[in-house]
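J.: One structure, as structure tokens, below. Some questions next.
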2 protein chains.
Amino acid sequence: MTAAPLRLGIAGLGTVGAGVVKIVQSRGKLLSARCGRDLQITAICARDRHRDRGVDLSGYAWEDDPVALARRDDVDVLVELMGGADGPAKAATEAAIDAGKDVVTANKAMLAHHGQTLAEAAEAQGSVIRFEAAVAGGIPVVKSLTEGLAGNRIQRIMGVMNGTCNYILTRMENAGLPYAEVFDEASKLGYLEADPTLDVGGIDAGHKLALLASIGFGTRVCFDEMELEGIERIAIEDIRAAADMGFRIKLLGVAQMTGRGLEQRMSPCLVPANSPLGQLQAATNMVVIEGDSVGQIVLRGAGAGEGPTASAVLSDVTDIARGIRVPTFGIPATDLQHATSAQVSIPAPYYIRIALADKPGALAKVAAVLGEAGISINRMRQYDHAAGTAPVLIVTHKTTRAALDVALDGFGATGVVTGDPVSIRIEQV
Amino acid sequence: MTAAPLRLGIAGLGTVGAGVVKIVQSRGKLLSARCGRDLQITAICARDRHRDRGVDLSGYAWEDDPVALARRDDVDVLVELMGGADGPAKAATEAAIDAGKDVVTANKAMLAHHGQTLAEAAEAQGSVIRFEAAVAGGIPVVKSLTEGLAGNRIQRIMGVMNGTCNYILTRMENAGLPYAEVFDEASKLGYLEADPTLDVGGIDAGHKLALLASIGFGTRVCFDEMELEGIERIAIEDIRAAADMGFRIKLLGVAQMTGRGLEQRMSPCLVPANSPLGQLQAATNMVVIEGDSVGQIVLRGAGAGEGPTASAVLSDVTDIARGIRVPTFGIPATDLQHATSAQVSIPAPYYIRIALADKPGALAKVAAVLGEAGISINRMRQYDHAAGTAPVLIVTHKTTRAALDVALDGFGATGVVTGDPVSIRIEQV
């Protein structure tokens with residue numbers, strides 16, 4: 001061991017922070033062998049100094065202020081595990097960069113909002129920002145995309161990247177329970193963020209997708225232009241109906257470069273039940289990357305939790321210790337392009353569910369509306385009438401969102417469709 | 001672009017070599033952005049100078065001798081795509097290392113047999129050897145294991161890493177055809193190596209597993225001590241019977257560090273049909289890595305072919321261009337441990353198929369033999385008698401291979417078991 005130890009300052013000692021400390025303490029010899037030098041935690045910082053975190057912190061200098069931690073002379077790498085798009089996390093990251101230090105972070109919100117500025121600042125200083133832990137937990141997806149698939153023009157990135165949403169959706173299907181009930185369950189189990197909209201509104205997963213899109217397409221992170229829709233309106237009826245037709249509903253992120261610009265969506269989609277994405281159960285994450293040379297690569301693993309996230313943090317720390325220095329988003333931040341937002345997503349088949357009045361000719365009227373909108377039907381099923389209306393499920397052939405909206409509006413005028421029709425995109429995976 | 005171009009000498013212009021040339025030619029700008037410098041092919045070498053490879057080679061210096069190519073002053077990186085454990089591939093690799101150049105290779109056989117020597121030589125010279133393309137085609141598994149999961153003590157590595165074998169096994173099941181017939185099909189389709197034993201005998205996949213085991217467990221590559229069994233003896237009856245019981249048969253590699261030493265097996269195994277490994281169809285590859293922090297990571301993609309393999313080669317080239325320099329097997333080669341071979345694999349459930357004579361008390365005798373060997377039965381099925389004997393399928397609880405061998409021997413003495421019993425390990429995935 002001739003190289004000097006790499007000295008870590010850890011800001012944030014929640015589950016993940018404590019997990020990182022545990023690994024550094026228990027796997028020191030293994031990490032030193034892999035890094036070619038020792039890893040050494042020198043200083044730590046968290047909100048509450050006196051909480052028992054199940055790990056011995058007595059050997060580390062304590063700082064109350066993460067910015068002070070980031071500036072310490074005995075810290076080479078700031079490990080930022082506090083979270084939050086702004087506030088102390090951003091201040092500490094900026095202070096670290098300003099002092100020429102490297103940063104390892106699990107903070108998807110901060111990078112989704114400030115990634116460009118922070119990456120430019122880091123690269124101007126010769127620092128690196130690494131964020132494997134920010135996307136899909138322990139799955140080495142940032143590394144795979146940035147380095148492992150660097151020979152490809154990336155065509156599409158898809159992912160189920162919020163374990164809580166996938167837990168809710170699979171639990172609804174497996175137990176036959178409505179959304180509200182499973183949401184409460186998840187809440188009691190501690191699966192939800194303090195602000196649950198971050199999870200069920202698709203925001204957290206959207207942050208992750210925006211970061212991957214930047215790497216994949218060489219564009220500036222543009223989370224603000226992402227089409228975002230959460231799972232709050234997914235009814236158990238749709239989950240059942242989708243299953244009947246051979247599909248599962250997933251909160252699916254899709255990013256692809258189209259002729260019209262960059263398309264980024266995080267929204268509920270139907271995927272074939274027997275596809276790798278369709279088979280994904282519970283809180284597991286999956287990212288699918290399609291490149292022009294490699295074809296389709298699927299990566300799957302735990303998307304959250306102490307061990308998996310700490311594993312990703314250590315991967316970044318090990319890289320820095322080994323001297324691996326790649327720009328934050330794969331190419332110099334100043335070379336990242338401003339992506340034009342595609343505005344409209346490329347055509348796809350859609351799933352439609354309507355409640356049809358029990359009147360002669362009702363189905364014909366619905367079919368006529370679709371035909372007039374230029375939408376052709378792939379499959380249609382009408383179920384037993386209940387309470388005067390019959391559920392009708394339609395799977396369309398490929399159509400545009402605009403044509404679909406025309407049809408959905410048109411249903412109202414038929415006088416035979418009760419309530420609001422449900423429509424969900426079917427993603428071809 | 002201030003850094004000097006990285007100059008490549010490509011030895012071997014088969015499918016993969018030509019694929020690499022195509023990517024460098026067509027994606028030059030993208031690669032330069034990602035590498036922070038230009039990639040430039042300066043010299044090439046292959047057996048037949050005049051074959052049309054569908055790509056313009058006129059701009060590159062030609063060498064007849066790969067060793068001369070490796071030694072050229074205008075070559076920084078030898079891209080070795082000739083194959084073969086010894087001969088020109090090894091000679092050129094040694095020449096490149098000797099001249100202080102880096103090597104990117106897709107040659108699993110060479111590294112499985114000479115990896116230790118070559119890695120030591122490279123590290124003594126300050127050169128790197130990269131081999132992402134040698135294992136599981138375009139799946140970035142070498143990188144994921146070496147770098148992405150560097151914070152983990154690796155517990156188990158499993159993989160379906162020979163596409164031809166998986167094609168044969170899934171085709172047998174889907175078409176209900178016997179091994180010999182599908183083997184001939186695969187041969188006509190050009191799916192088999194010139195020496196098909198490399199594929200169907202598990203040798204090629206075994207080479208790959210040995211390389212991953214070295215990285216995962218910090219041990220010297222020890223292919224010679226791997227337990228190797230091919231798929232030649234897999235009968236369509238076993239594929240059907242396994243399916244009936246909810247399993248699929250895969251040529252599965254398993255490497256794990258046990259209390260008795262390193263266990264490495266490449267052999268047909270039953271895996272649950274609904275597991276990611278069980279669902280793997282056709283020529284697709286899958287690698288499953290289990291680490292103490294990350295849990296289980298699954299990587300899936302095309303394991304061979306021009307695009308995927310060239311993608312992996314370019315990933316290594318890009319890494320070198322970016323200045324990423326990690327020891328061949330993750331830690332310095334001289335620090336890799338001599339692994340003690342476990343000799344016996346850890347206990348597992350087994351699938352057994354026997355042909356039982358149509359005599360009173362026959363099944364009882366079989367059950368008694370198992371009981372005497374200390375093997376308890378999880379499930380047993382006897383099917384309709386045909387031609388005087390009935391197929392009997394048994395799924396045991398966990399047992400040792402030694403106890404199983406006692407039982408298999410014991411069946412002979414019962415006088416009610418016809419022919420040789422079949423036994424296949426059930427891997428718990």
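J.: Test each condition in (1) crowded, with 21+ Cβ neighbours inside 10 Å; (2) at the interface with another protein chain (Cβ under 9 Å from one of its Cβ atoms); (3) not in a loop (DSSP other than H, G, I, E, B) for A:Ile249 and report the one that comes out false.
T.: (2)
J.: Would you kindly identify the strands (runs of 3 or more DSSP E) lying entirely within segment B:354-429 that contain at least 2 residues that are crowded, with 18+ Cβ neighbours inside 10 Å? First the steps, then the outcome.
T.: Details: elements: B:377-382, B:389-396, B:417-426.
The qualifying strands (runs of 3 or more DSSP E) are B:389-396, B:417-426.
J.: Still on this structure: Which members of segment B:287-324 meet the condition of being more than 7 Å from chain A (Cβ to nearest Cβ), under 22 Å from B:Val221 (Cβ atoms) and either of a type in the set (Val, Ile, Thr) or surrounded by fewer than 24 Cβ atoms within 10 Å (Cβ to Cβ) (or both)?
T.: Those that are more than 7 Å from chain A (Cβ to nearest Cβ), under 22 Å from B:Val221 (Cβ atoms) and either of a type in the set (Val, Ile, Thr) or surrounded by fewer than 24 Cβ atoms within 10 Å (Cβ to Cβ) (or both): B:Val287, B:Val288, B:Ile289, B:Glu290, B:Ala304, B:Thr309, B:Val313, B:Ile320.
J.: Let me ask something additional. Considering each of B:Thr334, B:Thr340, B:Thr328 in turn, give the residue that is under 22 Å from the mean Cα position of the chain (by Cα), at pLDDT 95 or above and either surrounded by 15 or more Cβ atoms within 10 Å (Cβ to Cβ) or closer than 19 Å to B:Leu212 by Cα (or both). Walk me through how you get there before you give the answer.
T.: Values: B:Thr334 fails: under 22 Å from the mean Cα position of the chain (by Cα); B:Thr340 fails: at pLDDT 95 or above.
One residue alone meets the criteria, B:Thr328.
Yes or no, residue by residue, for (1) surrounded by 15 or more Cβ atoms within 10 Å (Cβ to Cβ); (2) among the polar types (S, T, N, Q); (3) closer than 21 Å to A:Glu306 by Cα:
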| residue | (1), (2), (3) |
| --- | --- |
| A:Val24 | yes, no, yes |
| A:Cys35 | yes, no, no |
| A:Ile41 | yes, no, yes |
| A:Asp48 | no, no, yes |
| A:Gly54 | no, no, yes |
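J.: While we're here: Identify all residues within segment B:195-209 that are in a helix (DSSP H, G or I) and in contact with a Leu (Cβ under 8 Å, 6 or more places away or on another chain); write none if there are none.
T.: Step one: filter segment B:195-209 for residues in a helix (DSSP H, G or I), giving B:197-200, B:203-209.
If the condition is that a residue be in a helix (DSSP H, G or I) and in contact with a Leu (Cβ under 8 Å, 6 or more places away or on another chain), then B:Asp199, B:Val200, B:Ile203, B:Asp204, B:Ala205, B:Gly206, B:His207 are the ones that fit.
J.: While we're here: List pairs: first in segment A:275-300 and part of a strand (DSSP E or B), second charged (D, E, K, R), Cβ under 6 Å, 6+ apart or cross-chain?
T.: Every condition considered, the pairs that remain are A:Met286/A:Arg300; A:Glu290/A:Arg156; A:Gln296/A:Glu290; A:Val298/B:Arg300.
J.: With respect to B:Ala205, determine if the residue is at pLDDT 95 or above and closer than 22 Å to B:Ile331 by Cβ.
T.: On the way: at pLDDT 95 or above: yes; closer than 22 Å to B:Ile331 by Cβ: no.
No.
J.: If you go through segment A:320-341 one residue at a time, how many are of a type in the set (A, V, I, L, M) and assigned to a loop (DSSP other than H, G, I, E, B)?
T.: Looking only at that region, the number is 5.
The values are calculated or read from the model by the stated rules, or taken from the named source; none is laboratory data. These numbers come from a predicted model, not from an experiment. Cβ coordinates were reconstructed from backbone atoms using ideal geometry, including for glycine residues, and neighbour counts include every protein chain displayed.
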